[in-house]
Structures are given as structure tokens and as C-alpha cells.
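The next block holds one structure in the form of C-alpha cells; read it before the comments.
The values are calculated or read from the model by the stated rules, or taken from the named source; none is laboratory data. All values reported here derive from a predicted model rather than from experimental measurement. Note: ideal-geometry Cβ built from the backbone for every residue, glycine included; neighbour counts use all protein chains shown.
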Amino acid sequence: MSAEDPRQKIPGVPRHRREFKALADGREPFFPNFLLKEWIAGAVFLAGFMLWVIYNPVILGPKADPTDTTFIPVPDWYFLFLFQFLKYFPGPDIILPGVVIPVIAILLMMFVPWLDRSKSRRPFRRPLATASMMLFIFMSIWLTAEAWGQHEVEIGAGVAQASSSNGLPFAVQHPTSKALLNTSMPGYTIFQQNCAGCHGSQLEGSVGPELRGIGNVATAQQLLPVVTKGFSPMMPPGGGLSDPKQLQSVVDWLAQQKQH
Amino acid sequence: MIKRTYDWIDERLNITPLWRDIADHDVPAHVNPANRMSSFVYCFGGLTFLMIVTQILSGMFLSMYYVPDINNAWYSVQYITNEVLLGQVVRGMHFWGASLVIIMMFLHMLRVFFTGAYKAPREMNWVVGVLIFVIVLAFGFTGYLLPWDQKAYWATSVGANLANTVPLIGPYLKSLLAGGSTIGALTLTRFFAIHVFFLPAALLVLLGLHFVMIRKAGIAGPM
Ligand code: HEM
């Protein structure tokens, strides 16, 4: 490592390196020392991410239908807190949570360095800044949780009262007419191939519950999230289906099963 | 051979100082998790960047199949999901990656906030950071419409109606966003252009500024 020959190659180290052993105070050069360790952290992070991606396939919801005004809108999770905030200001006041407050919040954030002018950087020495941020985090988490809970309830609207002691979302009324309806729909075939094993080829139920008359208590829109989610561990997500189009066909067909 | 090629280029363009500056600057001890495990909070910015890179890559591949038109958008996404080789994985990366960028960026911002690293001389970099934050949220908002499914359509309607409530300029703001009076073909092409051209351009410029400023001011010292 002495300077006799600057081009002398030190194994594992790029040619142009001068003195590069970690310095006494713990500093080290960005490249290669730091980056060689850093990429390991990145690789582990990416590997975890890929596992998550592979085990959590994304599904595509039904195609947009501008005429279907019954659809309950829901944003992606990171906008839920804002979405929930809107609900507390009905009518024209919606401009407050929808526009005014977010704009003020962003401006406040931008001016943080000039709002908090204390010399100290320690969080406890600048209680106002720390407390404001804590409050913001707490409120966001709380609003998100509220929005989430309410959306689950809305999706299963009309389901809550139907839900009987067995805890199923859609309690069918065990109708007396047994004939299957609309068996020419594509969903019928998909059902026979994927779901009949558990729910019976005549919807009479075996491992899974009877589904005759399910169209009386649930619409396709209510069924879709329930079937997509499945019932861990008894029913796999999507009942074993992952193709959103097939899922849609199946629930469309199920929603037609209005036996009495 | 490689060395001779490098020297040949270097003689002409003098590129060594460019990368030596990046390679040689010291990483201080207090941000290096190899010294103290709790320093991992200083990795959040780098991990955010890693996710931004994967978002750009997966987005580039998605755009090979995606069609920004109201009749075909949904079918093209369905095709990506069910037919394209590894389409499900690439779409999954882009979908989950969007959330992860936001989570990591938020954690990074909290790290900067609670270590008071936005104080002089780093005020400008904090402002750039807030702008980046807004841009990333805009990525999320515009990207959500692109699959053209029910969720996409109705969430965007809520957004457009919000724009409408702004006094005086509301209706103009709404048609600027939606490209018309309702969410339709023009909204989709507009959101697509914003999502894949306007926002990435803005993001890359801001990230460039972000990194140059970090390099100039250095990472804030221990508290
Ligand atoms: C795409 C988003 C972003 C990326 C890729 C990014 C990347 C980085 C990186 C790699 C660092 C070096 C230190 C570290 O990793 O902790 C850094 C520092 C910094 N970032 Fe970001 N950042 C992003 C967003 C933000 C946001 C949203 C803010 C604040 C609102 C912000 C404010 C800062 C500041 C003030 C520093 C200097 C901190 C110091 O010197 O200790 N950044 N950023």
C-alpha cells in the first residue's frame, strides 16, 4: 500500500486507489468499500420485494363502466387518509379537506426549515416540530384505518344484516326450487370446473356452503371482493382462480342464481 | 484491452475526475450501518432510489403492451396480466413498487425530519424533497387511472370533482385535469402522457438536484 508503484494492483481493489483503508474515525470511501456492502442490503431488500410480488398477484377489476353509478369509489391506500377526511365535510365545505388543507399542508412542509429555526437538531430539543409531525403521522394512520374499515362495511352493504350465526357474508335462504339458472353463461362452465368441487355441481354445497339463491342476497359487485379474497384457510383466494375475467364471469353467473 | 480503451477515452475526455469524485468521497461513520446497526435509517433514501429505478424499468416494459385508449386499455392490461410472459410479475412489480416507493420515501422524509437534517445549509434540499414527494404522489394518482377498471374510473372522478370545487378557476382546473367535462378518452391519454413523460422528466431533474446538493453539503453530521 505504500506509494512505490501507484499502479500496483491490490487484489479486489480498483487500480487507481490510493490510501483507502477505513480511516481511523470510521469514515470510508463511497466506492468500492461502502457500495460493496451497501448493495447487499439492496439485494436483500429486492429479494424480499420480489417474493412479495410473486405471492401477491395483482388482479384487474371489472372494466370501467361510466353508467354504473352504484360503484363505491376508493383510492389507492396512500390517498385513503385524504379520502376519509373528505367525508367529514359534506356539501360545498368539501373544498377545505379536498384542496385548501392539503395545499396549506404542503406549503407548511416546504417551509419547515424556516418555521423551525432552533439551533438544535435533536428531536426532543425542538418539541413543537416533533409533536406536529407525530400528530400528523398519528392522524394519517387513524384516518386510513377509519377509511379502510368503512369501505369494507360499504362493500358488504346489506350483508351485515343478512349475516347469520354461521358468520358467512351472504347467508342463503335454502330455497325450495333447485334448478340452476342461466347455465349458458360462461361463468357456469368456469364454476363447474373450479368451484363445484367444494360448492357442489348443483350449488348444493359440500366442503363449502350451499350457494343456491345467492343472487337474492348478493350482487356481482358484492360477490367479487368476497370470492377474490377467499376464506383462509377453507377457500383459496379467488376460489383457485386468478384470472380477473374468469372471476368476473363466475360472480356474474352466481348473481343470477335467484332460486326461491 | 479494457484499460487501454479506458485510457484512450480518458485522454480525450478526461472522465476520471467525474467518477473519482463520486467514488472517493468519504461516507461518514455515523451513517454507515456496518458501524452501528441503527444507522440503517440512513439507507432509506438509497432504497427509495433503488425502487424508483425498478419502477422506471418495469414501467418501460409495461409500456410495450399497454394501450392508452378507453376501448383497449383494460384489455391490454388484462393481456399483460394473463398472456404476456412474466407479465403478471412485471405488473406486480410496478403495482407493489408504487406503494413501496411511497413507504420508503415517507420513512426517508421522517429520518431527515427527526434528525433535523433540513436545517442550514440543507434547506433547499428539503424543499426539493417536498417537491419530489408531490411528484411521486402525482405518479400514484395518474397511474391509478391507467388500467381503466371500475376503481380507476371512479377514483379519478372523485379527484376531478374536487378540482371543480376550487373557487373561480374550478371548472377550468377540472377540464385541464380531465381534458373535458367528463372522465373519458381524453382523460386517459392525458394521464398516460403525464404519467410516462411529464412526471418522469420532472422527477429526474429534481432527483439530479437532490443528489448534487447532497454531494455539495455532505450528509448532516451526527446530532
Ligand atoms: C424519490 C424520492 C427520494 C430519493 C430517491 C431520495 C434520496 C436521497 C438520498 C440517497 C439521500 C442521502 C441520505 C439518505 O439516504 O438518507 C437523501 C438525503 C436527503 N433527502 Fe432525500 N430522497 C427522496 C425524497 C426526499 C424527500 C421527500 C425529502 C423531504 C421532504 C428529502 C429530503 C432530503 C434531505 C434534506 C437530505 C439531506 C439529509 C442529510 O444531509 O442528512 N428527500 N435523499
Subject >> Test result for residue B:217, more than 29 Å from residue B:61 (Cα to Cα) and within 16 Å of the ligand (Cβ to nearest atom) >> reply: yes
Original post:
So which residues in the stretch A:107-138 are facing chain B (nearest Cβ under 8 Å) and in contact with a helix residue (DSSP H, G or I) (Cβ under 8 Å, 6 or more places away or on another chain)?
Top reply: A:109, A:110, A:112, A:113, A:114, A:116, A:123, A:129, A:130, A:133, A:137
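Looking at B:147, B:200, can you tell me which residue is at the interface with chain A (Cβ under 8 Å from one of its Cβ atoms), surrounded by 17 or more Cβ atoms within 10 Å (Cβ to Cβ) and modelled with pLDDT of 95 or more?
None of the other options fit; the residue is B:147.
Take the residues of the stretch B:75-107 that are in contact with a Leu (Cβ under 8 Å, 6 or more places away or on another chain) and near the ligand (Cβ under 10 Å from one of its atoms): which is farthest from residue A:124 (Cα to Cα)?
Initially, the stretch B:75-107 is screened for residues in contact with a Leu (Cβ under 8 Å, 6 or more places away or on another chain), giving B:77-78, B:80-81, B:90-91, B:94, B:102, B:104.
The next check asks that each one be near the ligand (Cβ under 10 Å from one of its atoms); those that pass are B:102, B:104.
On the way: B:102: 27, B:104: 24 Å.
Going through the qualifying residues, I end up with B:102.
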Original post:
List, please: which pairs have Cβ atoms under 9 Å, are six or more places apart or on different chains, and start with a residue in the stretch A:104-133 that is without any contact (Cβ under 8 Å) to a residue 60 or more places away in the chain and among the β-branched types (Val, Ile, Thr) and end with one that is assigned to a helix (DSSP H, G or I) and loosely packed, with under 12 Cβ neighbours inside 10 Å?
Top reply: A:130/A:124
**OP:** Search the stretch B:108-125 for residues being near the ligand (Cβ under 8 Å from one of its atoms) and hydrophobic (A, V, I, L, M, F, W, C), and hand back the single one that is farthest from residue A:135 (Cα to Cα).
**Re:** B:117
Subject >> Positions within the stretch A:27-55 being more than 7 Å from every other protein chain (Cβ to nearest Cβ), surrounded by 12 or more Cβ atoms within 10 Å (Cβ to Cβ) and more than 26 Å from residue B:211 (Cα to Cα), in sequence order >> reply: A:50
Original post:
Can we say residue B:206 is within 14 Å of chain A (Cβ to nearest Cβ), away from the ligand (no atom under 16 Å from the Cβ) and either surrounded by fewer than 20 Cβ atoms within 10 Å (Cβ to Cβ) or free of Cβ contacts under 8 Å to residues at least 12 places away in the same chain (or both)?
Top reply: no
Original post:
Under 6 Å by Cβ, and 6 or more places apart or on different chains, what pairs join a residue from the stretch B:26-45 that is over 20 Å from residue A:45 (Cα atoms) with one that is buried (at least 16 other Cβ atoms within 10 Å of the Cβ) and of a type in the set (Asp, Glu)?
Top reply: B:27/A:28
Original post:
Which is at the interface with chain A (Cβ under 7 Å from one of its Cβ atoms) and at pLDDT 95 or above, of B:101, B:112, B:130?
Top reply: B:130
Subject >> Among the residues listed as B:116, B:129, the single one being touching a residue at least 60 places away in the same chain (Cβ under 8 Å), crowded, with 20+ Cβ neighbours inside 10 Å and in contact with a Ser or Thr (Cβ under 8 Å, 6 or more places away or on another chain) >> reply: B:116
Subject >> Members of the stretch A:69-87 found to be modelled with pLDDT under 85 and more than 7 Å from every other protein chain (Cβ to nearest Cβ), listed by number >> reply: A:69, A:70, A:72
**OP:** Can you run down the residue pairs with Cβ atoms below 9 Å, 6 or more apart or on separate chains, where the first is in the stretch B:210-223 and closer than 18 Å to residue B:49 by Cα and away from chain A (no Cβ under 11 Å) and the partner is more than 8 Å from the ligand (Cβ to nearest atom) and modelled with pLDDT of 90 or more?
**Re:** B:213/B:124
**OP:** Only residues in the stretch B:85-97 that are at the interface with another protein chain (Cβ under 7 Å from one of its Cβ atoms) and free of Cβ contacts under 8 Å to residues at least 24 places away in the same chain count as the first member; pair them with residues that are surrounded by 22 or more Cβ atoms within 10 Å (Cβ to Cβ) and assigned to a helix (DSSP H, G or I), Cβ under 7 angstrom, at least 6 apart or cross-chain, and list the lot.
**Re:** B:88/B:81; B:89/A:53; B:92/A:53; B:96/A:53
